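Enquirer: Mind having a look at this structure? Questions to follow.
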Amino acid sequence: MGHENKKRVYCLKAKPLYAAETQGLYHQRGVQPLFCHCNANDELVALVVHLREQLMALDLYQVSKAYPDARWFFELGDRYYSQVTSFIHVTHKMVYFSGHLLPYESPQFQTCAIPIAELLFNQGEFKNIDPVVHYHPRVKGLIDEIVSKEAEINRRFDQACALERLVDAMGELDEVTSVVNTDLEAHQHRLKMEASELSHQYDQLERDIETLSLKMLYQCFQVQVGDWVASNVLTRGKTIQLVVASASYSNGWLFINGTNVTQKGVVGKRDERIALKVLPDEH
């Protein structure tokens, strides 16, 4: 099941990285590029595979490395600048680039991200997955972390709902503020800030759970985002094939999510999911 190995070129939109100033203000530093030009050649793919192996082996969220082959185009001068110091950053699901010019010593700008599943285009080699997972103690530790973070998500959600109800109730008191002589607007603003912080924490917990689920998938099957997998589904008695995009765990089930692959080995457009029953190893 072969695929033609086509050369791919990315022109990735660049965006500024803002630095903190006094009084909570932020500003962008120096001249900013329009985009980053990058060849998705065999060397880049091999580097991403290597960095992602380090990511998994060292249990990290992100791995970065200097990458001089990225080319940054600037509107000022209407040309590419060769003086940019560039880096490549690899997470479990994404790849992106950053860079800076002298006199700065940390990144001034970064690109939008490339999904790893897109960059590491598989050549049609499926990894077969048993629909029943017998996990070892390290996987049990990941499950415990996921369960703990899910409980924390529920607490954060309840707190956010309570704050929203309080803000709404205080809004109904506007007509009597002059009577009670209370600055409701200041209290409402503070409560909205607290609700926003809870929302941020909620989103971060969801990202943490997905990262833990991807680690769990790797520990069980050596499967990562971008891999092609196939599994005989327990409930429907048929084989599902997909390109891995994400993973999740809930109540004893590990779910692999991605885009379907047809029997002819063509990546489709339909979202597909493989459900795996997770059981403790009896040995």
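The values are calculated or read from the model by the stated rules, or taken from the named source; none is laboratory data. None of the values given here were measured: they were computed from a predicted structure. Here Cβ is always computed from backbone atoms with ideal geometry, including for glycine, and neighbour counts include all displayed protein chains. Heavy atoms of the whole protein, side chains included, go into the accessibility calculation; ligands, DNA and RNA do not. Shrake-Rupley method; radii C 1.70, N 1.55, O 1.52, S 1.80 Å.
Enquirer: How many residues does region 187-216 contain that are within 15 Å of residue 257 (Cα to Cα) and open to solvent by less than 30 Å² (accessible area, probe 1.4 Å)?
Expert: Qualifying residue count for the region: 6.
Enquirer: I need a count of the residues in region 69-88 that are outside any loop (DSSP other than H, G, I, E, B) and open to solvent by 20 Å² or more (accessible area, probe 1.4 Å).
Expert: If we filter region 69-88 for residues that are outside any loop (DSSP other than H, G, I, E, B), which is where we start, we get 71-74, 79-81, 85-88.
Still in the running and open to solvent by 20 Å² or more (accessible area, probe 1.4 Å): 71, 73, 79-81, 85, 87.
Total meeting the criteria: 7.
Enquirer: Now for a separate question. Name the single residue that is surrounded by the most Cβ atoms within 10 Å (Cβ to Cβ) among those in region 36-68 being of a type in the set (Gly, Ala, Ser) and touching a strand residue (DSSP E or B) at 6+ places or on another chain (Cβ under 8 Å). Steps first, answer last, please.
Expert: Initially, region 36-68 is screened for residues of a type in the set (Gly, Ala, Ser), giving 40, 46, 57, 64, 66.
Among the residues that remain, those that are also touching a strand residue (DSSP E or B) at 6+ places or on another chain (Cβ under 8 Å) are: 40, 64, 66.
On the way: 40: 19, 64: 16, 66: 9.
It comes out as 40.
Enquirer: Taking region 138-166 only, how many residues are open to solvent by less than 70 Å² (accessible area, probe 1.4 Å) and more than 30 Å from residue 56 (Cα to Cα)?
Expert: Of the residues in region 138-166, 4 are open to solvent by less than 70 Å² (accessible area, probe 1.4 Å) and more than 30 Å from residue 56 (Cα to Cα).
Enquirer: Let me ask something else about it. Condition first: touching a Pro at 6+ places or on another chain (Cβ under 8 Å) and either within 18 Å of residue 143 (Cβ to Cβ) or at pLDDT below 85 (or both). Can you find one or more residues in region 239-253 that meet it? Outline the logic, then answer.
Expert: Within region 239-253, the first condition is being touching a Pro at 6+ places or on another chain (Cβ under 8 Å), and the residues that meet it are 245.
Now restrict to residues that are either within 18 Å of residue 143 (Cβ to Cβ) or at pLDDT below 85 (or both): none.
No, there is no match, as no residue in region 239-253 is touching a Pro at 6+ places or on another chain (Cβ under 8 Å) and either within 18 Å of residue 143 (Cβ to Cβ) or at pLDDT below 85 (or both).
Enquirer: Taking region 265-279 as the region of interest, how many residues are part of a strand (DSSP E or B) and without any contact (Cβ under 8 Å) to a residue 40 or more places away in the chain?
Expert: Let us first name the residues in region 265-279 that are part of a strand (DSSP E or B), namely 267-279.
Going one step further and asking which of them are without any contact (Cβ under 8 Å) to a residue 40 or more places away in the chain, we end up with 267-273.
Residues that pass the stated criteria total 7.
Enquirer: Taking region 223-264, which residues are on the phi > 0 side of the Ramachandran plot and without any contact (Cβ under 8 Å) to a residue 40 or more places away in the chain?
Expert: Selection gives 237, 251, 252.
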